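*Asks:* Below are the structure tokens for one structure; questions will follow.
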Amino acid sequence: MQFINLMMYAAMALTSLFQQPFESESSKKSIFSTDHQVEFPGVVLEAGVYTVSLRKSDEKRSAVQISNQDETQILASLVAVPDHGLRPEDDQEFTFHDVRSDGPQPVHSWFYAGDLVGLEFVYPKLRAKEIAKESNQHVIASDGSGETVILAVTPNGKEIIIDAPIAQTAKRKSQ
């Protein structure tokens, strides 16, 4: 009997070594604390503490939600795309566009703790052009319509398509 118990304990110990911790994409969330106004696409947040959470993710687009600290009020639902840029060295989770104006500082990306690839926020096209010009960097944008096209807007206003929905092909008319 002791031999069987010993084998069972050994089997349990071995299986626990090969299991990887599971964290679903939708459980990723960060506390975002700021002492000044900041801008996420379509919303300006006052100084305070907020929760940023990943709601849905695939290889091209993600849905991110901003809510108050206790998550009782949704303040914004945003689209983000993978940011393969270098993760900040200081373990900072959020990066900002470096703009010259005195207004709210636009948030560039969210790097969830432990992830090497971040999420770059998609701004409305007109605001993206302003941020790109002020920061002298590209800004990810969309026109906000339905199955929207995702663009990179350059500082000189050029638009480069990053992701476009698959266009439906026209069906041939039967004769």
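The values are calculated or read from the model by the stated rules, or taken from the named source; none is laboratory data. Predicted, not measured: the structure shown is a model, and the values here were computed from it. Please note: Cβ atoms are built from the backbone with ideal geometry, for glycine as well, and neighbour counts cover all protein chains shown.
*Asks:* Looking only at strands (runs of 3 or more DSSP E) that fall completely inside region 129-175, which ones have 3 or more residues that are modelled with pLDDT of 90 or more, under 21 Å from the mean Cα position of the chain (by Cα) and under 18 Å from D98 (Cβ atoms)?
*Replies:* Passing ranges, in order: 139-142.
*Asks:* Follow-up. Let me confirm something: among D102, D91, D83, which residue is crowded, with 17+ Cβ neighbours inside 10 Å and free of Cβ contacts under 8 Å to residues at least 40 places away in the same chain?
*Replies:* After ruling out the rest, the residue left standing is D83.
*Asks:* If G42 meets every condition in (1) touching a Pro at 6+ places or on another chain (Cβ under 6 Å); (2) closer than 17 Å to V139 by Cβ apart from one, which number is that one?
*Replies:* Going through (1) touching a Pro at 6+ places or on another chain (Cβ under 6 Å); (2) closer than 17 Å to V139 by Cβ one by one, G42 breaks only (1).
*Asks:* State which residue is nearest to G103 (Cα to Cα) when the search covers only region 32-48 and only residues that are small (G, A, S) and at pLDDT 95 or above.
*Replies:* That would be A47.
*Asks:* So, of the residues in region 72-90 that are in a loop (DSSP other than H, G, I, E, B) and modelled with pLDDT of 95 or more, which turns out to be farthest from P124 (Cα to Cα)?
*Replies:* In this case the residue turns out to be T72.
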